[in-house]
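One structure below.
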Amino acid sequence: MKFSLITILVVALAIGSESVSLVKRDAPAELEKIAKYFQDLVDNLKHVEGPELVNKANAYFEQSRAQFQPMVEKLQEQLKPLSSNIEDHIKPLAASVQAQVAPLASMIQTHVEDVLKFVADKSKAILPPQ
C-alpha cells in the first residue's frame, strides 16, 4: 500500500512538473529535490528488510514531509491558474459541441423510433395472431 502511495505521488508530481513546464514556470531546483528524495528513498529501502522496512519508511516519510510540504503547496499554487484557464476554455467548447450535437441526437432518436416501430409492425404482420 505504501508503494502505491509512492507511485501515486510520483505520478502526481510528474503531471505537475509537466503542467508547470507548459506554463513556463521555473521549478527545476524543486524538481531536483523531489527526484533526490525518491532516489534516497529507493536506496534506503534496498538496504532494509522485514518489519524494519516499515519502521524506517515511516520515519523517512515523517522526516521528509516537513521538507516537501512547502514545495507541494507552491506547486499547487502555480497550477491553480492553469486549471482555471483550461476550465475557462473547455466550458464554452463543451457548450458549443452540445448545441451542435443536440439536433443530431434528436434526429437519431426519431430515426431509431421509426425503425423500432417498423420492426414491431412487420413482426406483428409475420407472427400469427394470438
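The values are calculated or read from the model by the stated rules, or taken from the named source; none is laboratory data. Fair warning: this is a prediction, and the values are worked out from it, not measured in the lab. Quick reminder, even Gly has a Cβ in these numbers, built from the backbone with ideal geometry, and neighbours come from all protein chains shown. Keep in mind that these areas ignore ligands, DNA and RNA; they rest on the heavy atoms of the full protein, side chains included. Shrake-Rupley method; radii C 1.70, N 1.55, O 1.52, S 1.80 Å.
What the table shows:
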| quantity | calculated |
| --- | --- |
| Selected residue (only one of Q109, Q130, Q98 is out of contact with any Gly (no Cβ under 8 Å at 6 or more places or on another chain), exposed (fewer than 10 other Cβ atoms within 10 Å of the Cβ) and among the polar types (S, T, N, Q)) | Q130 |
| Pairs with Cβ under 9 Å, 6+ apart, first in region 56-85 and open to solvent by less than 80 Å² (accessible area, probe 1.4 Å), second among the aromatic types (F, W, Y) and modelled with pLDDT of 80 or more | S64/Y37; F68/Y37 |
| Unique match (being of a type in the set (D, E, K, R) and either more than 21 Å from Q39 (Cβ to Cβ) or not in a helix (DSSP H, G or I) (or both)) among K91, K56 | K91 |
